[in-house]
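Structure first, then comments.
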Amino acid sequence: MQRLEIKGGRKISGIIEISGSKNATLPILASTILTNKKVLITNVPIVRDVETMVELLGAIGSNINLDKKRKKISIHNKKKLRNFASYRLLKTMRAGVLVLGPLLAKYGTAKVSLPGGCAIGSRPINIHLDALKKMGANIKIKDGYVIASVKKGLKGCIFKFPRISVGATENILIAACFAKGKTELKNCALEPEIQDLIIFLKKIGCKIKWTGKRALEIIGVDTLKSTTHKVIFDRIEAGTYIIASALTNGRLKIKNVNLKIMSAEINLLRKMGVKIINKKNYIIVSSKKKLKSVNVETKPYPGFPTDLQAQIMVLMTKSYGISKVKENIFENRFMHVSELRRMGANIEIKGNKAKVFGKRKLNGAELMATDLRASVSLVLAGLVASNKTILNRIYHLDRGYEKIEKKLTDCGARIKRLK
Ligand code: UD1
């Protein structure tokens, strides 16, 4: 099993280019099930989850081709797809469930594995299923699979999401594009990746408009157009590298970012004392030696993202004073804390709240990665730890960070992949 060896103590300075967003690429790829026309997706990140989605679509018969060198995916589905997504592919990537809505909308039946829980919580899909039922689908759960069917196609409906869910908003939004009549979705997630999905869907001919802050109206269509789409940048990757630079007192130029969609993160980092200068298509990050403590709670967009919670916590271990973190999105997202404590961090946890005591010296240790964002937070901790850090189970990291060792070593870090 591959591991990372990180020798701490180096500044992260230089230039990093941010990749396309994984969380935008995945729903866009799932939505291509709807169309028989040629589609080209560019700026895709070459990460394991994207490869898994390409494999999943290929397995159901999609004529899909990933060009890793040019970071492009072309799709031209000419024949009927199979409506079956297996457990093998869904067990490693929950976003595989995003094929349920489009398969059902296009073919009237779908058998998709239940994705199951994961380290950060039980992660049910009840909201996805309730919305599809409201659109007329008949849904059964059998042997770990969702078996869905609808006699004369999905019907438009009014559905209010009982809680804000990124995945459910995406799945139902895509399905509604092929439902009969009008669908009104309320209490939708507003993440920039959803906005990017909407831009893509509109380009292929879907009729979607925002009618209120969290309200979408979709009018079903039955034919679609060909298009090319460049995926939005990965704001979580950008936030991670800003933190890497701030942690190590480096000076970093980060290309291919747009701070407009990162206000919550940027405001918080500035409050801590991180200097972020905004240029046209890049930013410059530098920071004072003495960072301040802050309090933060994770929220759906435009709030502070749960996907940056573990990384900001590492920065808090180095700032002056006590910081507080409240995790509101996932029930079990403090998995990184026990590993950070083994490195010398002083963090108290009570339920979904953490208290981080700052100005701690971190020491290298042998660590276990538990999920994608926890893994990257341990890489960050390794960058400022004394001695050597060994990070095991880095397949989690490879799911979502493109060339992380190369990007960091090019900026001064000492990281090696041990096979
Ligand atoms: C997406 C992101 C993930 C991010 C998360 C929250 C992708 C591929 N993944 O995950 O990186 O951390 O948004 O920003 O884009 N819930 C239910 N029932 C449901 C659906 C969700 O109870 O049917 C709950 C979840 O357990 C969780 C909360 O709603 O507590 C939010 O989850 P959701 O927004 O759906 O996350 P994902 O789409 O899985």
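Taken together, the values in this text are just the output of simple stated rules run on the coordinates, not laboratory data. Being a predicted model, the structure only gives us computed values, none of them experimental. Note that we place each Cβ from the backbone using ideal geometry, even for glycine, and neighbour counts take in every protein chain shown.
Here are a few things to note about the model shown:
- Fewest-first ordering of M316, M262, M335 by other beta carbons within 10 Å of each residue's beta carbon gives M335, M262, M316.
- Efficiency of FRET from Cβ geometry, T109 and R88, R₀ 22 Å, rounded to 0.05: 0.60
- Solvent-free Debye calculation, one equal scatterer per alpha-carbon of region 339-394: log10 I(q)/I(0) at 0.13, 0.18, 0.21 Å⁻¹ equals -0.31, -0.59, -0.78.
- Region 274-344: trypsin sites (Lys or Arg not before Pro) in DSSP loop, at most 16 other beta carbons within 10 Å: K279, K280, K288, K289, K290
- Principal axis analysis of the Cα atoms in region 22-230 yields extents of 43, 36, 33 Å, listed in decreasing size.
- In order along region 407-419, the Karplus-derived 3J(HN,Hα) couplings, from 6.51 cos²θ - 1.76 cosθ + 1.60 at θ = phi - 60°, round to 4, 6, 5, 4, 9, x, 6, 10, 10, 10, 8, 9, 8 Hz, and Gly and Pro are given as x.
- Karplus 3J(HN,Hα) series, Hz, for region 272-288 with 6.51 cos²θ - 1.76 cosθ + 1.60 (x for Gly, Pro): 6, x, 7, 8, 10, 9, 9, 10, 5, 10, 8, 10, 10, 10, 8, 8, 6
- Between the amide H of E331 and those of S122, distances stay under 5 Å, these residues lying 5 or more places away or on another chain, with hydrogens modeled in the peptide plane.
- Average projection area in nm² (convex hull over Cα atoms of region 154-206, one quarter of hull surface): 3.4
- Where labels lie 7 Å past Cα in the beta-carbon direction, separation of F357 and Q195 in nm: 4.1
- The chain: antiparallel DSSP beta bridges as a percent of all, rounded to 5: 70
- The equivalent ellipsoid that matches the C-alpha gyration tensor of region 234-300 spans semi-axes of 17, 16, 10 angstrom, in descending order.
- For region 237-262, backbone nitrogen atoms closer than 17 Å to the point 7 Å from K288 Cα along Cα-to-C-beta are found at 246-250.
- Between the C-alpha center of region 1-74 and that of region 306-352 there is a gap of 28 Å.
- Our analysis of region 47-89 gives Rg over Rh at 0.98, with the two radii drawn from alpha carbon positions and Rh computed by the Kirkwood formula.
- Net lengthening on full extension, E366/K152 (0.36 nm per residue, minus Cα-Cα): 71.4 nm
- Difference of contour (0.36 nm per residue) and Cα-Cα distance, K180 to I15: 54.5 nm
- Using 0.36 nm per residue and subtracting the Cα-Cα separation, the extra length available between K403 and K416 on full extension is 3.5 nm.
- The chain - mean residue ellipticity at 222 nm from DSSP helices (-39,500 (n - 2.57) per run, n ≥ 4, rounded to 500): -9000 deg cm²/dmol
- Using only the C-alpha atoms, the convex hull of region 132-254 corresponds to 157 Å³ per residue.
- Reciprocal mean inverse distance between Cα atoms of the chain - Kirkwood radius, Å: 22.0
- Amide hydrogen neighbours beyond the local backbone of H229, cut-off 5 Å, H modeled: L40, I41, T42
- Dimensionless Rg ratio for region 197-280, taking C-alpha atoms and the 2.2 N^0.38 Å reference: 1.52
- Efficiency of FRET from Cβ geometry, K209 and N258, R₀ 22 Å, rounded to 0.05: 0.45
- Less than 5 angstrom separates the built amide H of G14 from those of R251, L252, K253, all sequence-distant by 5 or more or on a different chain.
- Cα-based shape type of region 276-351, given that a ≥ b ≥ c are square roots of the gyration tensor eigenvalues and the cut on a/c is 1.5: oblate
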